[in-house]
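First the structure, in the form of structure tokens, and then the observations on it.
Only the coordinates and a few stated rules stand behind these numbers; no lab work does. Note that the structure is a prediction, hence the values are computed from the model and not measured. When we count neighbours, we look across all protein chains shown, and the Cβ atoms used for this are built from the backbone with ideal geometry, even at glycine.
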Amino acid sequence: MKLRAFTRHALMFALAAFLLTETSRSFSATMPGAAIVPLVQSSNIGVNGFFATDKAQRGRTVQAAVVLDIPQGYHVNGNRPLGKYAIPTTVQIDAPRGVRTSAVTFPRAVVRTLKFSQGERLAVFEGRAVMRFQITLPSDFQQGVTELRAKVRFQACTDEVCYPPTTREVRMPIGVVGANDPVQRINTRIFGGGRRR
């Protein structure tokens with residue numbers, strides 16, 4: 001029995017190694033010159049969602065944002081990355097029925113020429129990238145708590161290597177109150193201001 005278990009584990013390990021190798025090869029084909037780091041490693045990109053107020057008023061518009069916190073030494077391809085093989089950053093917002101969402105506004109990218117890009121210029125996000133949008137609730141929306149989900153797809157790289165593209169889902173719950181109920185501005189480091197509405 002022990003031998004069978006060992007054989008099973010060995011086969012599983014070999015299959016995982018094969019899949020990682022094939023994944024790396026396929027991504028190397030899409031980004032020539034860039035070494036692809038195996039899936040088991042992480043670029044440690046922070047992905048979070050924020051609202052500009054602590055609650056959402058029925059019949060009103062609320063500012064929202066998805067924020068990428070990119071460690072020093074890393075970058076993420078911009079939403080229009082310039083490079084022929086670079087995979088763009090995208091944000092898809094899934095909202096409850098009746099809630100309208102605006103188009104996502106991306107920050108201005110920084111244009112760089114990196115070691116692996118062989119002289120090709122790339123448009124990238126560095127540091128903190130704030131991707132903004134707005135939501136509008138119907139006037140008859142049910143009070144309580146509602147939730148948006150943001151799916152963020154991005155590819156992180158250093159000056160020399162790239163990680164496989166990844167998709168991260170961010171859950172963004174917010175309380176819903178009446179149109180005349182007070183709300184408090186929050187997350188002012190992202191949205192600015194700080195006055196009560």
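A simple spin-label model places pseudo-atoms 7 Å from Cα toward Cβ; at N44 and D94 they are separated by 3.0 nm. Couplings for region 158-174, taken from phi via the Karplus curve 6.51 cos²θ - 1.76 cosθ + 1.60 with θ = phi - 60°, read 9, 5, 10, 9, 10, 8, x, x, 9, 10, 10, 9, 10, 8, 10, x, 8 Hz in order; Gly and Pro are left as x. The stretch between R171 and T101 holds 23.7 nm of extra length on full extension. This uses 0.36 nm per residue minus the Cα-Cα distance. If R0 is 45 Å, the Cβ-Cβ spacing of Q142 and R108 corresponds to a FRET efficiency of close to 0.75. With each label modelled as a point 7 angstrom along the Cα→C-beta vector, the T188-D69 pair spans 2.0 nm.
Near E126, once Lys and Arg are set to +1 and Asp and Glu to -1 for all other residues with Cβ below 15 Å from its Cβ, the sum equals +2. Each listed q (0.14, 0.26 Å⁻¹) maps to a log10 I(q)/I(0) for region 112-171, found by the Debye formula over equal Cα scatterers with no solvent: -0.62, -1.22. As a ratio to 2.2 N^0.38 Å, the alpha-carbon radius of gyration computed for region 51-177 takes the value 1.23. Picking from G73, T105, I87, whose Cα lies most toward the positive end of the charge dipole for region 39-197 (charges on Cβ: Lys, Arg +1; Asp, Glu -1)? Toward the positive end, the furthest listed residue is T105. Length gained on full extension, V161 to Q134: 6.2 nm, using 0.36 nm per residue less the C-alpha separation.
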